[in-house]
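S.K.: Handing you this structure, nothing more for now.
The values are calculated or read from the model by the stated rules, or taken from the named source; none is laboratory data. What you are looking at is a predicted structure, and each value in this text was computed from that prediction instead of being measured. Glycine gets a Cβ as well: all are built from the backbone with ideal geometry, and neighbour counts include every protein chain shown. The protein model used for the area step is the full one, side chains on, heavy atoms only, and it has no ligands, DNA or RNA in it. Shrake-Rupley method; radii C 1.70, N 1.55, O 1.52, S 1.80 Å.
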Amino acid sequence: MPATTAGPTVHLRAAGVSVLLEATEGRLPAMVHWGPELPGLDEESAGALVAASVPMVGPNNVDVPLRVAVVPEHWTGWSGRPGLRASRDGRSWSARLRVTSLEVDGTPVTGWYDGGPGTLVVRATDADAAIDLELVLELLPSGVLRQRATLTNTGEPGLTVDDLCVTYRIPTEATELLDFSGRWGRERLPQRTDLVSGMHLRENRRGRTANDGATLLHAGTPGFGFAAGDVWAVHTAWSGNHTHYAERAFTGESVLGGGELLLSGEVRLGTGASYAGPWVYGAFGHGLDDVARRFHRVQRSRERRVDTARPVTLNVWEAVYFDHDLPRLLDLAERAAALGVERFVLDDGWFGSRRDDHSGLGDWVVSQDVWPDGLAPLIDRVVELGMEFGLWFEPEMVNPDSDVARAHPEWVMSARPEWPVESRHQQVLDLAVPEAYAHVRDQMDAILTEYDIAYVKWDHNRDLVEAGNQLDGGRAAVHEQTLAFYRLLEELRAGHPGLEIESCSSGGARVDLGVLERTDRVWVSDNIDPHDRQHMMRWTTQLLPPEYLGSHIASGRSHTTGRIHDLNFRAATAVFGHLGIEWDLASATEAELAELRPWLDFYKAHRDLLLDGEVVRMDTADDRVLVHGVVAHDASRAVFAQVVLDSPRHQPVTRITFRGLDPERRYRVRPVLPGGAPSGLRPAAWWGEAEGDGASYAGVVVTGAGLALVGLASPSLHPDQAVLYTAEAV
Ligand code: GLA
């Protein structure tokens, strides 16, 4: 029985991925397949496949075959989490949606469709409940499938929306999960668990993406790694409260899902009003690197692609903190320019009464006390020195001890007359209040208009706790706040074309593709200790390509962990992102500066590759040693790093392998040591002669297959040391 007679069957294909959906019998679309490309499908064979995938009617189940739509519906017998939960004061709580139209790239589809990449738009209605649902499923050229759902109230006012999630069907073979947790200073800690019956649910109620955010939830075949196994992943592209989940029903049906997490009563729709959920992205790949590369392609294909010649940045935070002393900052700018720094960023402390973190937040007016002549004396000099200037803001926040909070206590987000518990001595400004929004926008706009500012570091340093709208009786307002935050970003960008914005939130607590549609890089973490950063960079690249990761070289002793690291290790860690310095250069020794300069030169010489290539992370048997790199798209060259985090398990008979190059081409692999030899170095025999005062070695010429499958003998290094290797096709 070909299923195609009963309604649309859609096969979308892109970059080796297939999505086969059926929306037969007027039902919401269900994923028959989401995974590797299915070659050779035509109407007949697709219809047969759809028919053949219909499960039997199980004993003691509903008397119809179970079928899970991308927005799963309770009425079908699905006893797992429904995609939509909405009601009218407890009535009309179980939607039964019927498809009214289905289009691919704007053309109605009633039967078989095969093509892609492309956009499927499905409209459905439940006349009894008086709701319409629009589903958009977009298979991007990267093979990433993103989905979003929009609900419209077509009836009486007062439809409360509790939840609207979209799901991706995954096969039963995907039995292992990987997602992330973390905390301040240690973002994106991977965690693995089995997918068992029931739900693995990551709920975020922190009002920001959060440093313990799931970021991505992967399900894969047993033992999946960077190159091994089949992996399916979802990412909820939303900077407010949100969910990621994996669910396995008793029936065996399994899904990955995501959406916004709505607080009680947060979304109530009047007649004709709509609620749009966020984009939820899904990527399938062979191994985690493949999944990551697909996400990188998404980010790299956005309208405003960042330049791969990203400027070397100096951020003054760990250099001066709140000590805004003009002569000191001018001296720092001179030193930075002399080293080859290209962007100078003034951090917290330039405005209002903000001499420490107890006051002034929210008053975006240059402080007369510390900047009697405004910021011009600094900015003019920075620009004269050939650098761009960047400035810190924390637009959504206020200290209670600020002019704005004193004048408008009603603009502080709160669920009750008393304000929420403080965090970093601050409260959240309710941007959904038009006057509060206008206040921030106008003050920021005035600064951005008055001065030559190329870059904004946009911070957000507390969770949203009891974040309600005081002017509306304390109604929950995180949803509105998140939308207002996006609006503010968009408005300021539109008013200041070319302005770059960094998404920072107590370090790396706002890293998601929602904010990254509107910003240009993230601050990965407040912890710049390279030992910890190796892990955080490694895992943040699971979502974002390296050019989006703010990555600084800090002082020898880490301000966060107190550990001391050689400059070599700090720099070899930082060059795999958007490089910067966050260090009081006045306290650096001549020897340190002499070592730092060649690292900046190395970055500049290689950034076209470092910030554009394909990320490769090797699966190593010994997790004390990491190997990762970046390979040019045409596989003509690559840069790899061997990172020794702790004394290796075995020595001396260990090899390092490099994946991602052309198996048949030959490459000259050279060890490169821009700042000199790392501590404890005992080169391997194949390194050959040192060249250029030991800045590199002659190396060896080997095939790509030899590098990937046989490998090169490892040198020996002390713990917390790294060596870089360049590979160039000969
Ligand atoms: C946050 C940021 C830091 C710095 C401080 C300033 O913690 O993550 O980089 O900007 O705020 O107060």
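S.K.: Using a Förster distance of 22 angstrom, determine the FRET efficiency expected from the C-beta separation of T271 and W93, and round it to 0.05. Before the final figure, lay out each step's value.
M.R.: On the way: r = 19 Å, r/R0 = 0.85.
Calculated value: 0.70.
S.K.: Among the GluC sites (Glu not before Pro) within region 160-244, which fall in a DSSP loop and have no more than 14 other Cβ atoms within 10 Å of their own Cβ? Please report the intermediate quantities before stating the final value.
M.R.: Details: sites: E173, E176, E187, E203; in loops: E173.
Answer in residue order: E173.
S.K.: If you don't mind, there's one more thing I want to ask. What distance in nm lies between label points placed 7 Å from Cα along the C-beta direction at E410 and R557?
M.R.: Result for the modelled spin labels: 5.1 nm.
S.K.: Can you send over the carbon and sulfur percentage of the accessible area for region 615-729, probe radius 1.4 Å, protein chains only? Before the final figure, lay out the partial values.
M.R.: Values: 2470 of 5090 Å².
The C+S portion of the solvent-accessible surface of region 615-729 is 48 percent.
S.K.: Relative contact order of region 615-729: what whole-number percent is it, with Cα pairs under 8 angstrom and at least 6 residues apart?
M.R.: About 34 percent, as a whole number.
S.K.: How would D331, D105, D163 line up by accessible area, probe 1.4 Å, largest first? Don't jump to the answer; show the numbers that get you there.
M.R.: Working: D331 55, D105 90, D163 5 Å².
The residues order as D105, D331, D163, largest area first.
S.K.: About the Cα centre, and with charges only on the beta carbon of Lys, Arg (+1) and Asp, Glu (-1), how big is the dipole of the chain? Nearest 20 debye, please. If you can, show how the numbers build up before the last one.
M.R.: On the way: 68 positive and 103 negative charges, 372 e Å.
That gives the chain a dipole magnitude of about 1780 debye.
S.K.: Compute log10 of I(q)/I(0) for region 9-300 with the Debye formula, placing one identical point scatterer on every Cα and leaving out solvent, at q = 0.07, 0.14, 0.16 Å⁻¹, to two decimals.
M.R.: So the normalised log intensities work out to -0.25, -1.05, -1.39.
S.K.: Ignoring everything except DSSP H segments at least 4 long, calculate the 222 nm mean residue ellipticity for the chain; use -39,500 (n - 2.57) per segment, divide by total residues, nearest 500.
M.R.: -5500 deg cm²/dmol
S.K.: Per residue, how much space in cubic angstrom lies within the convex hull of the C-alpha atoms of region 285-365?
M.R.: Working: hull volume 14.1 nm³, N = 81.
Per-residue hull volume (Cα only) is 175 Å³.
S.K.: Further question on the same structure: Using only the alpha-carbon atoms of region 492-562, report the extent along each of the three principal axes, biggest first, to the nearest angstrom.
M.R.: 42, 24, 18 Å, listed from the longest principal axis down.
S.K.: Same structure again: Calculate the length of the line joining the C-alpha centroid of region 653-727 to that of region 112-145, in whole Å.
M.R.: Rounded to whole Å, the Cα centres lie 49 Å apart.
S.K.: Testing the spin-label approximation: label points 7 Å from Cα along Cα→Cβ at L385 and V365. State their distance in nm.
M.R.: Here the modelled spin labels are 3.0 nm apart.
S.K.: Under a Cβ-only charge scheme (Lys and Arg +1, Asp and Glu -1), can you give me the dipole magnitude of region 615-729 about the Cα centre, in debye to the nearest 20? Walk me through the numbers on the way to the answer.
M.R.: Working: 11 positive and 12 negative charges, 36 e Å.
Using Cβ point charges on Lys, Arg, Asp and Glu, region 615-729 gives about 180 debye.
S.K.: I've got another one for you. Once you have the Cα-Cα distance between D325 and L709, take 0.36 nm times their residue separation minus that, and quote the gain in nm to one decimal.
M.R.: Working: separation 384, 0.36 × 384 = 138.24 nm, distance 5.59 nm.
Difference between extended and current length: 132.6 nm.
S.K.: Using the Cα centre of region 9-300 as origin and beta-carbon charges of +1 (Lys, Arg) and -1 (Asp, Glu), tell me which of T125, G277, V50 is placed farthest towards the positive end of the dipole.
M.R.: G277
S.K.: May I pose another question? Any chance you could list P(r) for region 112-155, counting all Cα-Cα pairs in 5 angstrom bins from zero, rounded to whole %?
M.R.: 6, 21, 23, 17, 13, 11, 7, 3
S.K.: So for region 1-70, considering every pair of alpha-carbon atoms, how many percent are separated by more than 17 Å? Provide the component values of the computation, followed by the final result.
M.R.: Working: 1034 of 2415 pairs.
The answer is 43 percent, as a whole percent.
S.K.: Given points 7 Å out from each Cα along the Cα-Cβ axis, report the D42 to S636 separation in nanometres with one decimal.
M.R.: 4.2 nm
S.K.: If you stretched the chain out fully between E25 and T119, how much longer would it get, using 0.36 nm times the residue separation minus the C-alpha to C-alpha distance? Present the calculation step by step, with values, prior to reporting the outcome.
M.R.: Values: separation 94, 0.36 × 94 = 33.84 nm, distance 2.11 nm.
Roughly 31.7 nm would be gained on extension.
S.K.: Calculated FRET efficiency, A127 and M199, Cβ-Cβ r, R0 25 Å, to nearest 0.05?
M.R.: Values: r = 31 Å, r/R0 = 1.26.
Taking R0 as 25 Å, the efficiency between A127 and M199 is 0.20.
S.K.: Could you estimate the translational diffusion coefficient of the chain from the Stokes-Einstein equation, with Rh from the Kirkwood formula over C-alpha pairs, at 25 °C and 0.890 mPa s, in whole µm²/s?
M.R.: Details: Rh = 27.3 Å.
D, rounded to a whole number, is 90 µm²/s.
S.K.: Another question about this same structure. How long are the semi-axes of the equivalent ellipsoid of region 615-729, taking √(5λ) for every eigenvalue λ of the Cα gyration tensor, in whole Å from largest down?
M.R.: On the way: eigenvalues 83, 57, 31 Å².
After scaling each eigenvalue by five and taking roots: 20, 17, 12 Å.
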